[in-house]
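The values are calculated or read from the model by the stated rules, or taken from the named source; none is laboratory data. Since the structure is predicted, the reported quantities are computational estimates derived from the model, not experimental observations. Cβ atoms come from the backbone with ideal geometry, glycine included; neighbour counts cover every protein chain shown. Just the protein is used for accessible areas: all its heavy atoms, side chains included, with ligands, DNA and RNA removed. Shrake-Rupley method; radii C 1.70, N 1.55, O 1.52, S 1.80 Å.
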Amino acid sequence: MANGRPLEGKIVLITGAAGEIGTASAALMARRGARIVAVDRPGADFSGLKAAVGEDLVSVEADVTHEASVRAYVGRALAVAGRIDVFFNNAGVAGPVAPVADYPLEAFRAVMAVNVEGVFLGLKHVLPVMQSQGFGSIVNSSSASGLTGWPGMWGYNASKHAVVGLTRVAASEAAPHGVRVNCINPGPIRSRMMGGLDASIGSEEARRARGIPARRYGLVEEVAGVVAFLASDDSGYVNGAVHPIDGGLTAV
Ligand SMILES: NC(=O)c1ccc[n+]([C@@H]2O[C@H](COP(=O)([O-])OP(=O)(O)OC[C@H]3O[C@@H](n4cnc5c(N)ncnc54)[C@H](O)[C@@H]3O)[C@@H](O)[C@H]2O)c1
């Protein structure tokens, strides 16, 4: 590690990079020496990310649910840098919150498309690159919703459980090739996504009802710190693991 910059020279590819967790993680990893290739959906606003990361940022518009777009963003990262050291497979959507009888099938499919198929396609196209390199670290964005169930979050809970499964199969396949695949499982984080969910569940009451032992929501910076650790060689023997970042929520 050079001067406390454990990611010096690493090429980090991030999906959902223009979002809040993506931006905080990109900013932290850039400060620790990484070069960031940022993917977000067509029309996304990359200006906050650019301000946080700096002019060195490479941004790519791509829909993670389309295989041709996934192939293209992986190709772009390779064209820029010739390798991918770290892949933060992070794009996700929350979908509606509703009792099962009122939860539309189209909404369920839309959540699964981004949160499961998007993550699967990222793995499908990045893992072979890393396996042929003989190194690489992948961090998938699951959720505390991937470890437990909450009423009404049909698509989201199912999709984030699936991300745990994808992480485990990917790790078991990739580990012999020197590649690590882990997932993060944030609980409620102070963010737009959580604000939207709170509004549909019932705001302050929902926060108290969740009974977070830490008695507060997490911060995007607290998620970014775990992502940066899993990206770094400091976590070299951590593989196929889930990482709650939830103030103790799933421990009780
Ligand atoms: N915010 C939370 O409380 C929380 C908690 C647990 C897990 N997570 C997970 O962390 C990840 C990031 O969440 P966030 O809070 O930063 O949300 P966010 O909405 O700020 O960011 C998500 C990003 O994903 C992008 N995206 C969505 N669909 C896409 C597609 N089809 N193609 C490309 N990009 C697409 C969005 O444009 C957005 O920039 C998500 O997977 C989310 O489920 C968030």
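Apart from one condition, SER235 fits all of (1) open to solvent by less than 20 Å² (accessible area, probe 1.4 Å); (2) within 14 Å of the ligand (Cβ to nearest atom); the exception is (2). For ALA24, the conditions (1) farther than 25 Å from SER235 by Cβ; (2) touching a residue at least 40 places away in the same chain (Cβ under 8 Å); (3) outside any strand (DSSP E or B); (4) within 14 Å of the ligand (Cβ to nearest atom) all hold with the exception of (1). Going through (1) buried (at least 19 other Cβ atoms within 10 Å of the Cβ); (2) farther than 29 Å from GLY134 by Cβ; (3) not aromatic (Phe, Trp, Tyr) one by one, GLU221 falls short only on (1).
Can you give me the number of residues within region 1-21 that are under 14 Å from the mean Cα position of the chain (by Cα) and without any contact (Cβ under 8 Å) to a residue 24 or more places away in the chain? Talk me through it step by step, then tell me what you get.
Residues of region 1-21 under 14 Å from the mean Cα position of the chain (by Cα): 12-21.
Keeping just the survivors that are without any contact (Cβ under 8 Å) to a residue 24 or more places away in the chain gives none.
Residues meeting the conditions: 0.
Just checking, does region 95-105 include any residue being in a helix (DSSP H, G or I) and near the ligand (Cβ under 10 Å from one of its atoms)? Taking every residue of region 95-105 in turn, none turns out to be in a helix (DSSP H, G or I) and near the ligand (Cβ under 10 Å from one of its atoms).
Of the set (1) part of a helix (DSSP H, G or I); (2) closer than 16 Å to ALA17 by Cβ; (3) away from the ligand (no atom under 14 Å from the Cβ); (4) out of contact with any helix residue (DSSP H, G or I) (no Cβ under 8 Å at 6 or more places or on another chain), all apply to TYR73 but (3).
The condition of being at pLDDT below 95 and more than 15 Å from VAL126 (Cα to Cα) holds for GLU55. Scan region 84-91 and tell me whether some residue there is under 19 Å from the mean Cα position of the chain (by Cα), within 14 Å of the ligand (Cβ to nearest atom) and surrounded by fewer than 17 Cβ atoms within 10 Å (Cβ to Cβ). No, there is no match, as no residue in region 84-91 is under 19 Å from the mean Cα position of the chain (by Cα), within 14 Å of the ligand (Cβ to nearest atom) and surrounded by fewer than 17 Cβ atoms within 10 Å (Cβ to Cβ).
Of the residues VAL64, VAL58, the single one that is open to solvent by less than 30 Å² (accessible area, probe 1.4 Å), without any contact (Cβ under 8 Å) to a residue 60 or more places away in the chain and within 14 Å of the ligand (Cβ to nearest atom) is VAL64. When region 27-66 is filtered for residues that are among the basic types (Lys, Arg) and assigned to a helix (DSSP H, G or I), the ones remaining, listed by number, are ARG31, LYS50.
Here GLY43 passes the criteria (1) closer than 20 Å to MET193 by Cα; (2) buried (at least 16 other Cβ atoms within 10 Å of the Cβ); (3) more than 18 Å from the chain's Cα centre (by Cα); (4) small (Gly, Ala, Ser) except the one numbered (2).
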